[in-house]
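Here, each number is a calculation from the coordinates, and none is a lab measurement. Bear in mind the structure is a predicted one, so any value in this text is a computation, not a measurement. Don't worry about glycine lacking a Cβ; one is built from the backbone with ideal geometry, like all the others, and counts go over all protein chains shown.
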Amino acid sequence: MADPTQKQAENVSGKWYVDANCIDCDVCRETAPKNFTQQTEKGYSYVYKQPESEEELEQSDEAKEACPVEAIGNDG
């Protein structure tokens with residue numbers, strides 16, 4: 001389970017976030033590319049756009065379920 005006290009600083013404000021456990025595996029970026037991107041210098045992903053459509057919400061849910069280290073959180 002993602003830890004809201006360890007959110008990556010680059011996450012945009014909102015319900016969805018990536019925490020410090022991210023291992024930069026690329027699953028979320030491949031599954032929900034409209035919402036997750038990579039911090040290339042430090043090697044992790046973060047939420048750069050909160051899901052707005054039903055499609056984006058479904059893709060973000062799928063990314064959360066597929067995350068191997070449970071680094072994706074949704075506080076909504």
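Taking the square roots of five times each eigenvalue of the Cα gyration tensor of the chain, the equivalent ellipsoid has semi-axes of 16, 13, 12 Å, listed largest first.
Across segment 3-30, the residues whose backbone nitrogen lies under 17 Å from the label position 7 Å along the beta-carbon direction of GLU65 are 27-30.
When LYS7, LYS42 are sorted by how many other C-beta atoms sit within 10 angstrom of their C-beta, beginning with the fewest, the order is LYS42, LYS7.
Remark: segment 42-49, residue by residue, has Karplus-estimated 3J(HN,Hα) of 9, x, 7, 9, 7, 8, 9, 8 Hz, where x stands for each Gly or Pro and the curve is 6.51 cos²θ - 1.76 cosθ + 1.60 at θ = phi - 60°.
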